1. With the Cα gyration tensor of region 85-129 giving a ≥ b ≥ c as the square roots of its eigenvalues, does the rule (a/c under 1.5 for rounded; else a/b larger than b/c for prolate; else oblate) give rounded, prolate or oblate?
2. Compute, for region 4-252, the length of the dipole vector about the Cα centre, with Cβ point charges of +1 (Lys, Arg) and -1 (Asp, Glu) only. Units Debye, rounded to 20.
3. Can you put Leu145, Leu220 in order of Cβ neighbours within 10 angstrom, beginning with the fewest?
4. Could you please rank Glu86, Glu143, Glu66, placing first whichever residue has the fewest other Cβ atoms within 10 Å of its Cβ?
5. Rounded to the nearest 0.05, what FRET efficiency do Asp170 and Gln31 have when you use their Cβ-Cβ distance and R0 = 30 Å?
6. Given H placed on each backbone N at 1.01 Å, which residues far from Ala58 in sequence or on other chains put an amide H within less than 5 Å of it?
7. Starting from the amide H of Gly103, placed 1.01 Å from N in the peptide plane, find each other amide H under 5 Å away whose residue is 5 or more places distant or on another chain.
8. Against the longest alpha carbon principal axis of the chain, how many degrees, from 0 to 90 and to the nearest 10, is the axis of helix 238-255 turned?
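The numbers here are math on the coordinates, done by the rules we state, and not lab data. The model shown is predicted, which means the values in this text are computed figures rather than measured ones. Neighbour counts are summed over all protein chains in view; Cβ atoms, including those assigned to glycine, are modelled from backbone coordinates with ideal geometry.
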Amino acid sequence: MASCSQLLIVALLGLAAVNATPVVQQAGAAQFSSSMTRFLQAFKGIMPCGYGNIPPLAPLSTPFYEFQFVNDDLQIVGNATNMRIEGLDSFQVLSASDYGKTGVAAYDLIFPKIQMLGFAEVDGFINIGGFKMPIRRNDVINEALFDLRFVGSYSFASSLTNSSGLRMVDFQQTVYLAGVELDNWNSLWDISTNNFWNQWTKIVVPFALEQIQPKISDFLYQNFFVPKVNDMLANVSMQEMVNFYETQAQLWENAKCQA
């Protein structure tokens, strides 16, 4: 059975797809758009309940997890408890190109609001201009992202290891964020410091996201996302992908999630 992460990757692939061979000539291509749409809607439908080894995702709840990130400029160690993320099932596909006509997969997907609630403890430092600034937080978390939007495109070619398989090429991804709302409370700070930090973060997060856009496609996806996708697709034909969408969508629809 496919893992949750694999299914999510396939769901993203389902927004549109093309291949080096003219798409209209590929077996299953004519049914791809309808099967993809059905798959995404069925996946959205089971998110409140979960299915098999896919946990409930709407909301997504995590009682406890630890995290650690260390490099020359940033070191953080901490944990989060009773995290609850709401709105993951609110996504809308604003547009998806007709791969059979355009030969390019293009998509526009938006999450209107994602709410994050919970508690977190963090210790560490950040290197700013050669000075190590300490990070100490003991937070009640109340954050929301508004209009988190993913706009991208890619194409498919034949797999380098299997001529009947697929391979993603020319992948581009841009992420937009309309706004952030924070009402976090760090018990180690006073009221004015908490208010200042919340207001400052509202401004910095969207700005920082804009600044890193050139690196998103060139580094993050090309080094991590695309290779993993291509490993999955190497032994998958267009017809097999369509069959997977139809079969999996039917299973999820039959689950009749009512949470």
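1. oblate
2. On the way: 13 positive and 21 negative charges, 82 e Å.
That gives a dipole near 400 debye.
3. On the way: Leu145 19, Leu220 13.
Starting with the residue having the fewest Cβ neighbours, the order is Leu220, Leu145.
4. Numbers: Glu86 16, Glu143 20, Glu66 9.
The most exposed by this proxy come first: Glu66, Glu86, Glu143.
5. Details: r = 24 Å, r/R0 = 0.80.
So, using R0 = 30 Å, E works out to roughly 0.80.
6. Under 5 Å from the amide H of Ala58 lies no amide H from a residue far enough along the sequence or on another chain.
7. Under 5 Å from the amide H of Gly103 lies no amide H from a residue far enough along the sequence or on another chain.
8. So the inclination is approximately 60 degrees.
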